[in-house]
Amino acid sequence: GPKVLQIPSHQIIDMGQMVTLNCDPVSNHLYFYWYKQILGQQMEFLVNFYNGKVMEKSKLFKDQFSVERPDGSYFTLKIQPTALEDSAVYFCASSLRPGGYEQYFGPGTRLTVL
Amino acid sequence: SQLAEENSWALSVHEGESVTVNCSYKTSITALQWYRQKSGKGPAQLILIRSNEREKRNGRLRATLDTSSQSSSLSITATRCEDTAVYFCATDAGGNNKLTFGQGTVLSVIP
C-alpha cells in the first residue's frame, strides 16, 4: 500500500541545537500532519498542513517549531532550539482529503535531546 | 482531559480465540478510526467508521459505534500471532482530520 517515509529514523542532538525531521508523504496526498509520542504515552497531534499553510496546531506546537513543504519536496518539522522535553518519537502522516479520511503514517523519527 | 481512551490497558489471548477492545470518547465526532501499531512502526489504519454508521467489517475485524453512549468496539476473530500489537482508537471531532488517540490497548496473542 501507500507508504510514508521518514528520515532519519533516529536523531541524537544536544539541547539548544536545531533539528529538522523529514517526511516523504504519499505522492498524491495533499494534507500533511505531525504527531508526537513520548515513550509509554499516547500519540498527540502537533499540526496539520495544507496548500502551504498550517491549518491547525496544538498547544504542543511551540514557537520553536515550524513546518514547511517547499516546492513539493519533503514535508519538514524544524525545532529550533531544541529542549529536553522534545525527546520523543515524531510521526508524520498524510491523507488525500481531510475530514474522516485515512491518514497514512510513517515509521517515525526517534529524537533524543541530550 | 483525554478525549478518546481504550478501556483496557492490556489483553492476552491464545491464538485462534476472539478478542474485543473497547473505546470510549467524550466529544461528538465525525468519524472514529481504529489503528494498529506494531513495535517500531507507525500506526496503520484498520477500520474507519463514520458517525452515521453502526458497524463496519474488514476481514476478521469488526468495529461497532454507539454514538449515544460514545463508545466503540473492535473485535478480532480467529486471532493470529501477528495480531500482537497496540490497538488505538482515534477520533476526528472537527472534520479536519486532527486525530485524538487513546492510550492504546496492548494485545498479546499467545501461540
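The values are calculated or read from the model by the stated rules, or taken from the named source; none is laboratory data. Since the model is a prediction, treat every value here as computed from it, not as a measurement. Neighbour counts run over all protein chains shown; Cβ positions are idealised from the backbone, glycine included.
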Of (1) in a loop (DSSP other than H, G, I, E, B); (2) at pLDDT 95 or above; (3) hydrophobic (A, V, I, L, M, F, W, C), B:Ile29 satisfies every one except (2)
Restricting region B:55-111 to residues that are without any contact (Cβ under 8 Å) to a residue 12 or more places away in the chain and within 11 Å of chain A (Cβ to nearest Cβ), which is surrounded by the fewest Cβ atoms within 10 Å (Cβ to Cβ)? B:Asn96
Of those in region A:1-18 that are closer than 18 Å to A:Gly106 by Cα and out of contact with any Gly (no Cβ under 7 Å at 6 or more places or on another chain), the residue surrounded by the fewest Cβ atoms within 10 Å (Cβ to Cβ) is A:Gly1
Selection count where residues are over 24 Å from A:Asp71 (Cβ atoms) and not in a strand (DSSP E or B), scope region A:1-10: 2
Pick from region A:74-109, criterion away from every other protein chain (no Cβ under 14 Å) and of a type in the set (Gly, Ala, Ser), ranking: farthest from B:Arg36 (Cα to Cα): A:Ala83
Applying the selection to region A:25-45, what residues are free of Cβ contacts under 8 Å to residues at least 60 places away in the same chain and either more than 18 Å from B:Gln33 (Cβ to Cβ) or surrounded by fewer than 16 Cβ atoms within 10 Å (Cβ to Cβ) (or both)? A:Ser27, A:Lys36, A:Ile38, A:Leu39, A:Gly40, A:Gln41
Residue tally, condition of a type in the set (D, E, K, R), closer than 16 Å to A:Leu111 by Cα and touching a Cys at 6+ places or on another chain (Cβ under 9 Å), over region A:19-47: 0
Please determine whether any residue of region A:72-85 is more than 28 Å from B:Leu48 (Cα to Cα), part of a loop (DSSP other than H, G, I, E, B), over 15 Å from the mean Cα position of the chain (by Cα) and touching a residue at least 60 places away in the same chain (Cβ under 8 Å). yes
